[in-house]
Structure formats: C-alpha cells, structure tokens
There are 2 protein chains.
Amino acid sequence: MSDPAFAAEQLGAFIASSRPGTLPAALRHEGLRSLLNFFGGALGVAQDPTVTTAVQVMAPFSGPQRATLIGRAERLDAMGAAFVNAIAANLLDFDDTHLETVIHPTAPVAPPLLALAELRGLSGAALLHAFILGAEVECRIGCAVSPGHYARGWHITSTCGVFGAAAGAACLLGLNAEQCMAALGIAASQSAGLVENLPTAAKNVGMGNAARNGLLAALFAEAGYTAAPSALEGRLGWARAMGDAPEAARITEGLGEHWEFAHNTYKPYPAGIVFHAVIDACLDLRDGLDPATVTEIVVAGDQLLLDRGDRPLRNARDARVSIHHAAAVTLLRGSAGVEDFEAAAVHDPAVTALRGKVRAELDALLPRGAARVTLLTQGGERRSIEVRDPRGSAARPMTDAELEAKYRINAEGHDAEAQITRLWALEAEADIGTLMVLFGRPDA
Amino acid sequence: MSDPAFAAEQLGAFIASSRPGTLPAALRHEGLRSLLNFFGGALGVAQDPTVTTAVQVMAPFSGPQRATLIGRAERLDAMGAAFVNAIAANLLDFDDTHLETVIHPTAPVAPPLLALAELRGLSGAALLHAFILGAEVECRIGCAVSPGHYARGWHITSTCGVFGAAAGAACLLGLNAEQCMAALGIAASQSAGLVENLPTAAKNVGMGNAARNGLLAALFAEAGYTAAPSALEGRLGWARAMGDAPEAARITEGLGEHWEFAHNTYKPYPAGIVFHAVIDACLDLRDGLDPATVTEIVVAGDQLLLDRGDRPLRNARDARVSIHHAAAVTLLRGSAGVEDFEAAAVHDPAVTALRGKVRAELDALLPRGAARVTLLTQGGERRSIEVRDPRGSAARPMTDAELEAKYRINAEGHDAEAQITRLWALEAEADIGTLMVLFGRPDA
C-alpha cells in the first residue's frame, strides 16, 4: 500500500498511525461530552421492555467473558453488550446528532469499544481516542453519501455506524494499516438498516447490529480476513450499490486536520430535532401564562416540520414526532423531558385538551429547524415567539452544565455525581473495567 | 391482517399456515438433494484455514448450548454454528445455484435451521419443511429484484439469504403469521453483502451473517419485536433502497403452487458455473488423446464467459474462474475436482504449459453457459466439441447417483455411506440431534 488510492486504505493508514493523547484538547472534550450524553441516555431506558427483550434474546448466545450492560445487573459477552447498549443509547432518539448527516454518532460506536476495553483492561485514554476516530470515520463516510443515502431509505446511523464501530475497534485492538482497511471493508459487507422500519423495533435490531457487526469486522480483520480495498467506493462497492457514486473526497480530505465529529450536537429534549424550536418557543411563552386561558396555539414552520410533525397521535412514539404534543405538553407543564412524551402524558386529559387547540401552518420563509409559536388567550392577548437556533443546535450548543443536568435526570436512582466526575476524568482512568463497575447494577 | 396487502404479510401468512409433510414429493426430494449437496460441500472444506479462522473468532462469543460444526470437533451455539457452517458450505462456490437469480440457496438457510433443530430436538420432517419454505422465500425475493440487484453490486446470496434464514427459522419456531412477517421485516434491516468484496474473505463474513442474522430476526420476532409490514417493497424499504421498485408480484404469486426452489441446480465442478461447458467439452475431447500432442486450444463462448474467465492467473481463487485453467487441467488430468483447482494444480508445470496453449475467443452466437472447444494437434488433427447444456444445468441436472458420487469425494475420511443413507431418509429422523452426531468429529 505504498500509494494509497482507495478511501479504506487511507482511513486504515490514518487509524493505524494515530496515537492516544495526540488529538486537540477541544476535540477530546467533545468526545467526553458525547460519552456523558451516551451513558445518561442508556441509563435512562435501561429497564425499558425493548432493552429487556434484547437482553433476553441475546443471553443464550453469550460467551463466558462478560461485559457490563449499562444500568442492568446482567452481563453479556462483548458482542451482546455492544448490541444491547447500542439499542439502549438510541432507543428514544434522545442521543447526539451530527446534523449534516443526521447520524447519531455515539450509540453504535461507543458500546463495542467499551466492551472491548472493559474485557481487556484498556485505559480511558485509549478508549476515548478510539471512540473519536471511530465516530470521525462514521461521520465522514456519512458525509460522502448524504443527503441521498437517507432519502433513499437507508437508516444512516446503522449503515454508517458499522464503519465507526469497526474503525474504533480496529484502533483499540491496535491493528496495522492493512488490517484497519480490512475491518472497514468487512464492515461494508455488513452495512444495513432501513428508514421504512424506523417506526418499529426492527430499527433497534439494526442499531444493535451496527455496533456488534463493527466489532466482528475488526476481530475478523485481526484474525487475517481481508476485504477489497475498493469496498467503499468501487464500481460494485458499498456506496454505489446503496445509491450513487459517493463524494469520496469527503471521506479522506483533511484527515487529522478537519474533524467532522467536532460538529456533534446533543438533544435537550427527547423529541425529533425539528421540534426543539417549538419546545423552546413554548417554554419562553408560558412565562406568567395560565394555560387554561389559551384558546389557540398556532405553530408555523417549514415543510419539513409539517411533514414530520403534523400527524395523528396514537402512542408515545408518535408523541416524540408531534407538533401538537410538543407544544401542548410544554406549555402546560413547563417541561419537555422523557416522561412528558410517555404514554401517561399522551393520554393526560389536560394535555389532550390543549393539544386540540394546536394548529400547524406552513411558513416557507422560516429556515429548517426554526419555528414560530403564536398564542391567543380568552382575554384577547396574543403572544408570539420565533426561535431560529434552539437549545442544543450548533449555534447554541448545550453547555457542559446542561449536559450534566440532563444526565442527572436520566440517571435517577444511580450514583450520578460519581459517574459524572469519573466520566469527565476518563483519560485518567487506567482500566475501563473499574469504571464500568459504576454503570452496572449489583442486584437484579 | 384481514386483507394482506404487503409481500411480507402474505409470506408470513403462508409460512405460518404451512404444515410439514404437505409439500409435493418431488419438491421434498429436491430438498433432500440440496441438503446432501450442502453437507458434502461443508465436509469437503471443514479444515480449510478460512473455516478454522471463523471458528476461532466466533468461539469466545458462543453461549453454552452447542451445535455441530460440520466436519469439526468444536461446537458453537446456534448463532456461531449457523455462521460457520454457512461459510463452509459456500466457501468454494461448489454449492447449489438457483440460475435465474444466481442465488446459492442452501448455504445461508440450512445452517441456522439445523442448529435450531439440533438444539431443540426437532424432527427431520420439520427441518426439511422449514428449509424448503425458507429457500423458496429467498429465491422469490431474489426473483423480484433480479437481475438489477446483483448487477448493482449486491451479493444476492447474502442479501436474500438472510430472508431465507429468517423465514425458515420462523417456520421451525412455529411462529404465527404476524411474527413470521416481523421476522422478514427484521431481516430486511440486516440484509447486506457486496459483489466488490467477492474476491476476499469479507464475502465469507457476509455469508455467515446471512445465516446468523436470519436466525436472530426470527428469535426477535418470537420475542415480540415488530417490523414494518411494508419493509420489503415500501417507499423507503428494502428493495427500493437497494435499487429499484421490485417486481413485487414475483414474491407472492402462486405461493404454494409454483415453487422457485424446484429449479435448484447442483455443480459437478468447483468452478464458476459458466466454465462447466468448457470442462464438459474437454472431458469429451480427451478420449484417446495424448495431451502432449496438443498445440493449441481455442475456447469460444459469449461475452459473459470471456468477462468472467479470460484473465491472469495468480492463485486458486483465480483458477476457479479461469477459462485457461479449466481447459488445461481437465484435458490433462481428465478430472475437474476440488484438488484440480487448488494451488498445487495451479503451479503444476504440466498444467502451466498446457494453459499457455489456451486461447479464448468470442462467439456471440453461443448462448449463455455454452462453450465450444477446438483442439489442434502436432499431427494436424482438429477436434471440436460444442456444449450447450453442461452437466448440472437445468436441462441436464445431476442425477441422485452423481450427487452421491460428488458427496463421497467431498466426504473422504468420513462415514459417507452412513451419512448418505441417513440424509435420504431425513423425513424419518425423529431428532435432528441424533443425525448431527454423524457430521461432527469426535476427536480434535
């Protein structure tokens, strides 16, 4: 490979030559923020039936070396732990977002690396480094095929997540350049996940597989299995089979200088990201307002907001992508947390009544992600607020303190303060195994 | 589901309502032929380094309940056994072929079903039934997207194999119609595998995953995970994400009446199927011929034959898709078995010398799969034979006796006669577990 031509070759050489501790401090801090957000999200849903079912199905197929399931007493081998923790982290879509690609970067990448590092006693610095490289590879490959890839029906967090998991695991295993390339090529032959299945639990299997199969790719590469150097952009390779010729330069240009992962963002609310401006506007509007006096709520946004959110409401899954529910529950309760989008909130008579007063309308002049909410009250008052950069957007990122606050809510019943302290100091951790003890549950 | 509309719904209802023993006798016999051919193929390469590596990588991730690895002493859980046995069965592309789709139907479907049946003590009749249904679903879905799917870069045996494995496992688990539908939908979110990777071991990972992930899909469906009924043909579903709108009627029309699986064929030679006519012609031509007197060998065929087979030769993988090697080794040795395409044969000086006298030329009038071989000798003799329907083709299928002979060669060192007898009588087998004992190796 003296003259690296293909993307997987260049990525392989980059991963194999990169060393822990050498990345910019701001980037490493973004990695810590992502991991804090990841652990909180997984802890918050650790006992959800979807997660419990995944544990039960995978348990009979777990080897003896067991890794931590976040927030649970059971343990599974690295494949099973990668699978289950990835499902949990992404379950409510309350995780992170790389906005250009709409990839949730951390859920498929962190779990296999944590499991590997836990079982092999690797350091926090090595883990953080491998995680950032994996997430970077994932986002770069996503950029090369966006936006057509998702629009065509590919659930990009799964289809690109497997590359991130493979790259990160290859890095953590200390594979050489050729093996790293093979890991990416083997990942290409495992890339899957469909938008059509997003409203169902089949989505969760896709997420779990991205994590599990990425690890498998790295382990087979370590054992000597090969792949086509052209697996990503070749004529019969990943990108073209899945859609069109990729913008291959996006995968490799400025490697080590420009970082896509630096653009990662975090969600303050467990609702679709386009609804965050609606929620922010409603939080501001309710200052000194008696919700009982509201007669009409008009939510204006672009076509995407209406396409995603102007729909009938049947269950909690719908609530997280409903303009009407987001506006009503936020105005009424002054909060937009996990429980405000659960079944009890959906069927709460007061929320239901206020939801009936919400009307969505198109304002094609509003930019993507923006919303204007206008209230009319019995007293004839009219209040209107327009939000263009909601909390958590790239222009207004969640602060470390806000991420900690989100974590504390998700981690109720766990030792959140100890966990937060240890996570910020991850690079000082000599053995991830001792860290993960904090995240399991000693009793069933 | 009172009015089944989507393909997965119709397939689900079909699978759930079908009962062992009710399929036509000829179809069941074809199932037995496929399984005989499958076991032989897997036995023949059981000690191949690629298989051994797969066992070593998967072993640490195996749960306690262990299933047979064909021809090996180790055992793995059902996921691992499905993965490894699928790789072995397809390793040399010496397995079966559904010609319209170029799917190798048995390799991804039989292994998960055998592992499930072994571990749960299910009967041979149940196994055979589930296998035929699974292979049928696999071929039908393949027909709906062929030929564009493979041409675009999808390794169709992997991408459709996962559906066959899911359908067969769902049948064997006795899932209801809705669960069977979910299994297919979950399989859709796991479908992967690239033509670009075919010359490498990444291909084998794709094969193993088709088997393993199909089983996973059925187990998650059994546990209550759901999928979109429209996962196969929906706007953002499997077929359209992967290429174009499918010919969805091919998936469901005449279910239970017309059987795609009945068109399965078997390979007499471990070489690409388009080379079989070349081999047959050479076998006939060498009657009474001294190969040392041959001065020139001209192989004529259509563009596909030349595209696939007129290429430089570096190793055994190339040899199996080389016009020159197929003609030379067959003429010289009068055989075209596994060892005739291995490294020793590739580097055999006599074969190498004769290979140098082979010339490929286009005859666009010859139909696909046909070849004409013409020999010139020192004495000025000219012999020419044209083969249009090679042994193993749909027009000239391998007989049961020929399949047995192929099996005996593959199963050297095993108790082939006992195995053959038991396989033909599979439907009388009360417990697949007692059958599988015949196929492992008691000692390491």
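The values are calculated or read from the model by the stated rules, or taken from the named source; none is laboratory data. What you see is a predicted model, and the numbers here were worked out from it, not measured in a lab. A quick note on method: Cβ atoms are made from the backbone with ideal geometry, for glycine too, and the neighbour counts reach across all protein chains shown.
If B:Thr106 satisfies every condition in (1) of a type in the set (Ser, Thr, Tyr); (2) touching a residue at least 60 places away in the same chain (Cβ under 8 Å); (3) in contact with a Gly (Cβ under 8 Å, 6 or more places away or on another chain) but one, which is the exception? Only one criterion in (1) of a type in the set (Ser, Thr, Tyr); (2) touching a residue at least 60 places away in the same chain (Cβ under 8 Å); (3) in contact with a Gly (Cβ under 8 Å, 6 or more places away or on another chain) is unmet by B:Thr106, namely (3). Exactly one residue out of A:Ala319, A:Ala300, A:Ala326 is out of contact with any helix residue (DSSP H, G or I) (no Cβ under 9 Å at 6 or more places or on another chain) and either in the same structural domain as A:Gly44 (by TED's automatic domain parsing) or surrounded by 18 or more Cβ atoms within 10 Å (Cβ to Cβ) (or both): that is A:Ala300. Residue count for region A:138-177 satisfying the condition of being part of a loop (DSSP other than H, G, I, E, B) and away from every other protein chain (no Cβ under 11 Å): 6. Are any residues in region B:182-216 at the interface with another protein chain (Cβ under 7 Å from one of its Cβ atoms) and either surrounded by fewer than 24 Cβ atoms within 10 Å (Cβ to Cβ) or among the small types (Gly, Ala, Ser) (or both), and if so, which ones? Result: B:Gly185, B:Ala188, B:Ser189, B:Ser191, B:Ala192, B:Gly193, B:Val195, B:Pro199, B:Thr200, B:Ala201, B:Ala202, B:Gly206.
Counted as qualifying within region A:331-444 are the helices (runs of 4 or more DSSP H) with 2 or more residues that are of a type in the set (Lys, Arg) and within 24 Å of A:Gly31 (Cα to Cα), namely A:400-410. Considering every residue within region A:251-261, establish whether at least one is more than 14 Å from chain B (Cβ to nearest Cβ) and touching a strand residue (DSSP E or B) at 6+ places or on another chain (Cβ under 8 Å). Taking every residue of region A:251-261 in turn, at least one turns out to be more than 14 Å from chain B (Cβ to nearest Cβ) and touching a strand residue (DSSP E or B) at 6+ places or on another chain (Cβ under 8 Å). When B:Ala73 is tested against (1) within 20 Å of the chain's Cα centre (by Cα); (2) more than 14 Å from chain A (Cβ to nearest Cβ); (3) more than 25 Å from B:His276 (Cα to Cα), exactly one condition is not met: (1). Please go through (1) among the hydrophobic types (A, V, I, L, M, F, W, C); (2) modelled with pLDDT of 95 or more; (3) under 17 Å from the mean Cα position of the chain (by Cα) for A:Leu198 and return the number of the only condition it doesn't satisfy. With (1) among the hydrophobic types (A, V, I, L, M, F, W, C); (2) modelled with pLDDT of 95 or more; (3) under 17 Å from the mean Cα position of the chain (by Cα) applied to A:Leu198, the lone miss is (2). Within region B:49-67, the residues that satisfy the criterion of being in contact with a strand residue (DSSP E or B) (Cβ under 9 Å, 6 or more places away or on another chain) and more than 8 Å from every other protein chain (Cβ to nearest Cβ) are B:Val55, B:Met58, B:Arg66, B:Ala67. A count restricted to region B:222-234 and to residues that are part of a loop (DSSP other than H, G, I, E, B) and more than 7 Å from every other protein chain (Cβ to nearest Cβ) stands at 3. Remark: pairs (first residue in region B:349-377, on the phi > 0 side of the Ramachandran plot; second residue buried (at least 18 other Cβ atoms within 10 Å of the Cβ); Cβ separation under 8 Å; 6+ apart in sequence or on different chains) = B:Gly369/B:Ile273; B:Gly369/B:Val274; B:Gly369/B:His276; B:Gly369/B:Ala277; B:Gly369/B:Pro390; B:Gly369/B:Ser393. Please verify whether region A:187-206 includes one or more residues that are part of a helix (DSSP H, G or I), under 21 Å from A:Leu35 (Cα atoms) and among the aliphatic types (A, V, I, L, M). No, because not a single residue in region A:187-206 is part of a helix (DSSP H, G or I), under 21 Å from A:Leu35 (Cα atoms) and among the aliphatic types (A, V, I, L, M). Tell me the residue from A:Ala277, A:Ala241 that is buried (at least 20 other Cβ atoms within 10 Å of the Cβ), modelled with pLDDT of 95 or more, more than 14 Å from every other protein chain (Cβ to nearest Cβ) and not in a loop (DSSP other than H, G, I, E, B), please. Result: A:Ala277 is the single residue among A:Ala277, A:Ala241 that is buried (at least 20 other Cβ atoms within 10 Å of the Cβ), modelled with pLDDT of 95 or more, more than 14 Å from every other protein chain (Cβ to nearest Cβ) and not in a loop (DSSP other than H, G, I, E, B).
Looking across region A:244-274, just one residue is surrounded by fewer than 22 Cβ atoms within 10 Å (Cβ to Cβ) and aromatic (Phe, Trp, Tyr), and that is A:Trp259.
Is there a residue being hydroxyl-bearing (Ser, Thr, Tyr) and within 14 Å of chain B (Cβ to nearest Cβ) anywhere in region A:120-131? No, region A:120-131 contains no residue that is hydroxyl-bearing (Ser, Thr, Tyr) and within 14 Å of chain B (Cβ to nearest Cβ). Go through (1) out of contact with any Lys or Arg (no Cβ under 6 Å at 6 or more places or on another chain); (2) over 19 Å from A:Glu100 (Cβ atoms); (3) assigned to a loop (DSSP other than H, G, I, E, B) and name the single condition A:Ala271 misses. For A:Ala271, the failing item is (1).
Scanning region A:364-415 for residues that are over 24 Å from A:Glu339 (Cα atoms) and polar (S, T, N, Q) yields A:Thr374, A:Thr377, A:Gln378, A:Ser384.
Scan region A:358-369 and tell me whether some residue there is at pLDDT 95 or above, surrounded by 17 or more Cβ atoms within 10 Å (Cβ to Cβ) and either farther than 27 Å from A:Val102 by Cβ or within 23 Å of the chain's Cα centre (by Cα) (or both). Scanning region A:358-369 turns up no residue that is at pLDDT 95 or above, surrounded by 17 or more Cβ atoms within 10 Å (Cβ to Cβ) and either farther than 27 Å from A:Val102 by Cβ or within 23 Å of the chain's Cα centre (by Cα) (or both). Screening A:Pro397 with (1) surrounded by fewer than 16 Cβ atoms within 10 Å (Cβ to Cβ); (2) at pLDDT 95 or above gives one miss only, at (1). The condition of being buried (at least 22 other Cβ atoms within 10 Å of the Cβ) and out of contact with any His (no Cβ under 7 Å at 6 or more places or on another chain) holds for only one of B:Leu43, B:Leu69, B:Leu32, that being B:Leu69. Filtering region B:120-130 for residues that are within 20 Å of the chain's Cα centre (by Cα) and over 18 Å from B:Leu438 (Cα atoms) leaves a non-empty set.
Filtered by the rule that a residue be more than 20 Å from A:Pro349 (Cα to Cα) and either in contact (Cβ under 8 Å) with a residue 24 or more places away in the chain or of a type in the set (Val, Ile, Thr) (or both), region A:284-297 gives A:Asp284, A:Leu285. Taking (1) within 23 Å of the chain's Cα centre (by Cα); (2) outside any loop (DSSP other than H, G, I, E, B) in turn, B:Leu255 satisfies each apart from (2).
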